[in-house]
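Everything below concerns the one structure shown next.
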Amino acid sequence: MKKIIEYIALIEEELAKISPTQEPKELYQPISYMLALGGKRIRPALLLLSNNLFGGKDENAIHAALAVEIFHNFTLLHDDIMDDAPLRRGQKTVYKKWGGNIAILAGDVMFVNSLQLLTKTPTNQLSNVLTLFNATAVQVCEGQQYDMNFEQQSDVSIDDYLNMIELKTAVLLAASLKMGALIGGTSEDDANHLYEFGKNLGISFQLMDDILDLYGDPEKFGKQVGGDILANKKTYLLLKAQELATGSLKKELEFCLGSTALKNEAKVEKVKAIFDQLNIKKLATDEMNLFYNSALSHLDSIDIDLEKKKPFEDFAKSIMHREQ
């Protein structure tokens, strides 16, 4: 993890250098504000780490890493508009601080900035990196649309849900790893294994989030217990329960989801009791472990020394062994 922490610090340093100061300030100040809100910076750090894995130089990959982080923040900025979100990382969203029109324009400029940075990728990998980035950008938008569709859709399957979280969350992590590998000069096979490592790890991470929302320690997880239940959010847990529930249990679940009379605490308690009867936590954990083990299998398949791959394994363990 030490190398990842070093790369996160490098990303923060480089982001501070490129924060725009042009005119009109009403357009560029929101961009600086958004980038200064912080974040884990995991995607760009992993891009640099994967480049390093194959002997690549940091200076060849830093612009792609910054591009990924700016693109990620662009998606968050636009998500906040769609969600009418008041806060992002404890601060006012760009949307609430400057208004929707400015937030849209600022996000558009951030997307263009990310493409401008990518063009500084070494020429021998520029075409591959741009192709991967553009395909990923479209997939992230598709995932967001599916997520919005699910809010109004009653017939969402587990496969639909897994596809949505793959597109919305996992593919950008996967693409970051593959871009770093390509810039580092590895083979297409190894780059693809690293992509699959990231994709499967991203899906398993989201499934763990689903589990922790209800079964995690709120002090350690940092979110309200049962928030997904209160929002009737179609998570893996709820979809699995709807798939398995029959008879009176099915009617009780439908009542809980549709009732406006139930108080929040009672709703969470009742739905959790139904999940427990159906053994939903174990089923969700088993599904999560399938994707996690698949991620590690792809990491194992990369033709490089085990010691060099250890930071990736350590990272995977660190995010998948959070407190429950």
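What follows is calculated from the coordinates using simple rules that are stated; it is not laboratory data. Since we're looking at a predicted model, the values are computed, not measured. Neighbour counts are summed over all protein chains in view; Cβ atoms, including those assigned to glycine, are modelled from backbone coordinates with ideal geometry.
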For the chain: span of alpha carbons on each principal axis (Å, largest first): 63, 50, 33
Prolate/oblate/rounded call for the range 1-160, Cα gyration tensor, a/c under 1.5 rounded: oblate
Principal-axis tilt of helix 171-183 within the chain, Cα atoms, nearest 10 degrees: 20 degrees
R0 of 56 Å, Cβ-Cβ distance Glu23-Ser248: FRET efficiency to nearest 0.05: 0.30
Estimated [θ] at 222 nm from DSSP helical runs (n ≥ 4, -39500 (n - 2.57)) normalised by residues in the chain, nearest 500: -25000 deg cm²/dmol
Computed label-point distance, nm, for sites Lys120 and Asn264 using a 7 Å Cα→Cβ extension: 4.5 nm
Whole-number D in µm² s⁻¹ for the range 187-324, Kirkwood Cα-pair radius fed into Stokes-Einstein, 4 °C, 1.567 mPa s: 78 µm²/s
Label-to-label distance, nm, for residues given as Asp58 and Ala9 (7 Å Cα→Cβ offset): 0.9 nm
Protection-proxy order for peptides 268-276, 300-308, each taking the mean of Cβ atoms within 10 Å per residue, highest first: 268-276, 300-308
Contour excess over end-to-end distance, with Cα ends at Lys282 and Leu105 and 0.36 nm allotted per residue: 59.2 nm
For the range 1-160, size of Cβ-based charge dipole, Lys and Arg +1, Asp and Glu -1, in debye: 740 debye
Computed E for Met82/Asp300 - FRET, C-beta separation, R0 30 angstrom, nearest 0.05: 0.15
Candidates Ala135, Ala284, Ala67, ranked by Gaussian network fluctuation over the chain, Cα under 10 Å, top entry: Ala135
Normalised contact order of the range 187-324, rounded percent, pairs of Cα under 8 Å and 6 or more residues apart: 43 percent
The range 142-245: trypsin sites (Lys or Arg not before Pro) in DSSP coil with no more than 14 other Cβ atoms inside 10 Å: Lys223
Neighbour-limited loop hits for trypsin sites (Lys or Arg not before Pro), the range 69-101 (at most 11 other Cβ within 10 Å; DSSP other than H, G, I, E, B): Arg89
Glu151 paired with Gln91, simple spin-label distance in nm, labels 7 Å along Cα-to-beta-carbon: 2.5 nm
Fewest-first sequence of Met34, Met148 by Cβ atoms within 10 Å of each Cβ: Met148, Met34
Pairs of lysines in the range 27-186 (C-alpha under 27 Å apart; 8 or more residues apart or interchain): 15
Table column - 3J(HN,Hα) (Hz), the range 64-71, Karplus curve with 6.51, -1.76, 1.60, x for Gly and Pro: 5, 4, 5, 4, 4, 5, 5, 4
Sorted peptide list for 255-265, 157-167, criterion being average Cβ within 10 angstrom, highest first: 157-167, 255-265
